[in-house]
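Colleague: I am attaching a structure below and will ask some questions about it afterwards.
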Amino acid sequence: MENLFEHLLILRSPGIGPVAYEKLLRRFGSVGAVVESLNPSDDLRDSVMREIDAAVRMDIKFVFDTDEYYPVGLRRVKNHPPILTVRGNVETLRRESVAMVGTRHATATGMEFVANMATAFAENNICVTSGMAIGTDSAAHIGALRAVGNMNTVAVLAGGVDYIWPLENESLYYEILERGAVISDMPIGFVPKGTNFVQRNRIIAGIGEKLILSEADLKSGSMKTAEFALEYGRTVYAVPSHPADSRATGPNSLIRSGHAILCQGVSDFFGDDKAEEKNIKKPESENAILDKIGTVPLSESVLAEIVGKSISEIKRGLVILELQGLIEKQDNGYVRL
């Protein structure tokens, strides 16, 4: 877009965000008139020139919300960022996308589940968007990168698109650059602050046509991302887990309240005939478990034996029944409520 320098002068001015930016353009009618009214300091002008020079040097692109590469879903969000900085393959932003988020303190099982889901999405030509944090985010990106081909994942950063955070993910950052894209709405070189992560989460929620929430506690940033997705009219899926684990409180609460669809695996999205048949039979399996539970506590191993299912199938069914408020776990087993 023409007048990049002037647009950045406005957006990099103190106190100017997407809302003020749009109001100023409507009020004054042109970017030149807005810049004249703001009268930016020489220091700010020099800073913006350095940012543009850095973009050229590092092959970073500025993508306006009027550009063909600007994510379609994000453009529909009210008060979206007028400009994104993009490093990597900008074509990645044009692909259909799913957002995947969860706790930094994910379990090994949780990360494996997320990674496998991400691989499946990428293999089905759906780009995986996440925030490149350790834990769930990393698993999502790594899973997407397992798939053959490029443009499989987008990392949204809270700092400048060139600022690698966390440092533990440096190698992942460069792999995403090579085979996907890293984006931000912050200035190049910007060191992230706590408040910037909220805006990053808004962008993640806006880009994905749907969002999958894995392990997350009730007050986590991932839960906020899910709330943003709901606000934007996106379909939210949540991965259930054991109620005794604090990392289950977020997804379990969304499922129980009806705000999220229970996510049990890849077949929820890419079911062939076998997967569809499996999904139909699951309620019967849960009913079989429920039929055996009474007022006398039964352990998982006992239930597996009398129902004729594997321990993993029993555990999965017990989680769902607990979420539905039909059973309760006690010290020596499960009882019916």
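The values are calculated or read from the model by the stated rules, or taken from the named source; none is laboratory data. Note that the coordinates shown come from a computational prediction; the quantities given were computed from them, not determined experimentally. Using ideal geometry, Cβ is built from the backbone for each residue, glycine included, and neighbour counts are taken over all protein chains shown.
Colleague: What is the one condition in (1) over 22 Å from residue 190 (Cβ atoms); (2) at pLDDT below 95 that residue 33 does not satisfy?
Modeller: (2)
Colleague: Residue 321 - would you say it is in contact with a strand residue (DSSP E or B) (Cβ under 7 Å, 6 or more places away or on another chain) and under 23 Å from residue 260 (Cα atoms)?
Modeller: Yes.
Colleague: Among (1) touching a helix residue (DSSP H, G or I) at 6+ places or on another chain (Cβ under 8 Å); (2) assigned by TED's automatic domain parsing to the domain that holds residue 223; (3) not β-branched (Val, Ile, Thr), there is one condition residue 96 misses while meeting the rest; what is its number?
Modeller: For residue 96, the exception is condition (1).
Colleague: With small (Gly, Ala, Ser), modelled with pLDDT under 95 and farther than 29 Å from residue 10 by Cβ as the only criterion, which of 120, 140, 108, 144 stands out?
Modeller: On the way: 120 fails: modelled with pLDDT under 95; 140 fails: modelled with pLDDT under 95; 144 fails: modelled with pLDDT under 95.
Criteria check complete, one pass: 108.
Colleague: With the requirement that a residue be without any contact (Cβ under 8 Å) to a residue 12 or more places away in the chain and either within 14 Å of residue 64 (Cα to Cα) or assigned to a helix (DSSP H, G or I) (or both), what does region 4-24 give you?
Modeller: Within region 4-24, 20, 23 qualify.
Colleague: Oh, and also: Here is a check on your reading of the model: is residue 109 of a type in the set (S, T, N, Q), under 30 Å from residue 219 (Cβ atoms) and surrounded by 19 or more Cβ atoms within 10 Å (Cβ to Cβ)? If you could, list the steps in order and put the result at the bottom.
Modeller: On the way: of a type in the set (S, T, N, Q): yes; under 30 Å from residue 219 (Cβ atoms): yes; surrounded by 19 or more Cβ atoms within 10 Å (Cβ to Cβ): no.
Criteria not met by residue 109.
Colleague: Now a separate question. Restricting attention to region 296-326, which residues are within 27 Å of residue 250 (Cβ to Cβ), at pLDDT below 85 and assigned to a loop (DSSP other than H, G, I, E, B)?
Modeller: 324, 325
Colleague: State which residue is farthest from residue 210 (Cα to Cα) when the search covers only region 70-80 and only residues that are in contact (Cβ under 8 Å) with a residue 24 or more places away in the chain and surrounded by fewer than 16 Cβ atoms within 10 Å (Cβ to Cβ).
Modeller: Step one: list which residues in region 70-80 are in contact (Cβ under 8 Å) with a residue 24 or more places away in the chain, which gives 71, 73-74, 76-77, 79-80.
Okay, now just the ones that are also surrounded by fewer than 16 Cβ atoms within 10 Å (Cβ to Cβ), so 76, 79.
Values: 76: 14, 79: 20 Å.
That would be 79.
Colleague: State whether the residues of region 30-46 include one that is surrounded by 12 or more Cβ atoms within 10 Å (Cβ to Cβ), closer than 28 Å to residue 136 by Cα, out of contact with any Leu (no Cβ under 7 Å at 6 or more places or on another chain) and of a type in the set (A, V, I, L, M).
Modeller: no
Colleague: A further question follows. Any idea which residue in region 234-254 is surrounded by the fewest Cβ atoms within 10 Å (Cβ to Cβ), counting only those that are aliphatic (A, V, I, L, M) and touching a helix residue (DSSP H, G or I) at 6+ places or on another chain (Cβ under 6 Å)? Explain how you work it out, then say what you get.
Modeller: Residues of region 234-254 that are aliphatic (A, V, I, L, M), as a first pass: 236, 238-239, 244, 248, 254.
From what is left, the residues that are touching a helix residue (DSSP H, G or I) at 6+ places or on another chain (Cβ under 6 Å) are 236, 238-239.
Numbers: 236: 24, 238: 27, 239: 26.
Of everything passing the filter in region 234-254, 236 is surrounded by the fewest Cβ atoms within 10 Å (Cβ to Cβ).
Colleague: Every residue in region 327-337 that is part of a strand (DSSP E or B) and over 16 Å from residue 255 (Cβ atoms), please. Steps first, please.
Modeller: Our first condition is that a residue be part of a strand (DSSP E or B); within region 327-337, this holds for 327-330, 333-336.
Answer for region 327-337, where residues must be part of a strand (DSSP E or B) and over 16 Å from residue 255 (Cβ atoms): 328, 329, 330, 333, 334, 335, 336.
Colleague: Could you tell me which residue of region 183-221 is surrounded by the most Cβ atoms within 10 Å (Cβ to Cβ), considering only residues that are among the hydrophobic types (A, V, I, L, M, F, W, C) and closer than 22 Å to residue 123 by Cβ?
Modeller: From region 183-221, those among the hydrophobic types (A, V, I, L, M, F, W, C) are 183, 186, 188, 190-191, 197-198, 203-205, 207, 211-213, 216, 218; that's our starting set.
Now drop any that are not closer than 22 Å to residue 123 by Cβ, which leaves 204, 207, 211-213.
Values: 204: 27, 207: 27, 211: 27, 212: 32, 213: 27.
Going through the qualifying residues, I end up with 212.
Here's the yes/no breakdown for (1) surrounded by fewer than 24 Cβ atoms within 10 Å (Cβ to Cβ); (2) β-branched (Val, Ile, Thr):
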| residue | (1), (2) |
| --- | --- |
| 82 | yes, no |
| 88 | no, no |
| 126 | yes, yes |
| 147 | yes, no |
| 156 | no, yes |
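Colleague: Quick one: residue 2 ticks every box in (1) over 28 Å from the mean Cα position of the chain (by Cα); (2) at pLDDT 95 or above; (3) at negative phi; (4) not polar (S, T, N, Q) bar one, so which box is it?
Modeller: With (1) over 28 Å from the mean Cα position of the chain (by Cα); (2) at pLDDT 95 or above; (3) at negative phi; (4) not polar (S, T, N, Q) applied to residue 2, the lone miss is (2).
Colleague: Oh, and also: Within region 31-70, restricting attention to residues that are among the polar types (S, T, N, Q) and outside any loop (DSSP other than H, G, I, E, B), which residue is farthest from the chain's Cα centre (by Cα)? Even if it seems obvious, please write down each step before you answer.
Modeller: So the first thing to find is which residues in region 31-70 are among the polar types (S, T, N, Q), and the list is 37, 39, 41, 47, 66.
Okay, now just the ones that are also outside any loop (DSSP other than H, G, I, E, B), so 37, 47.
Working: 37: 38, 47: 31 Å.
Across region 31-70, the extreme among qualifying residues is 37.
Colleague: Within region 29-48, is there a residue that is closer than 23 Å to residue 204 by Cα and either of a type in the set (Phe, Trp, Tyr) or not assigned by TED's automatic domain parsing to the domain that holds residue 140 (or both)?
Modeller: To start, the set of residues in region 29-48 that are closer than 23 Å to residue 204 by Cα comprises none.
No, region 29-48 has no match at all.
Colleague: Further question on the same structure: Do the conditions hold for residue 97, that is, is it farther than 14 Å from residue 213 by Cβ, among the hydroxyl-bearing types (Ser, Thr, Tyr) and at pLDDT 95 or above?
Modeller: yes
Colleague: How many residues are within 23 Å of residue 224 (Cβ to Cβ) and either part of a strand (DSSP E or B) or among the aromatic types (Phe, Trp, Tyr) (or both) if we restrict to region 86-103?
Modeller: 5
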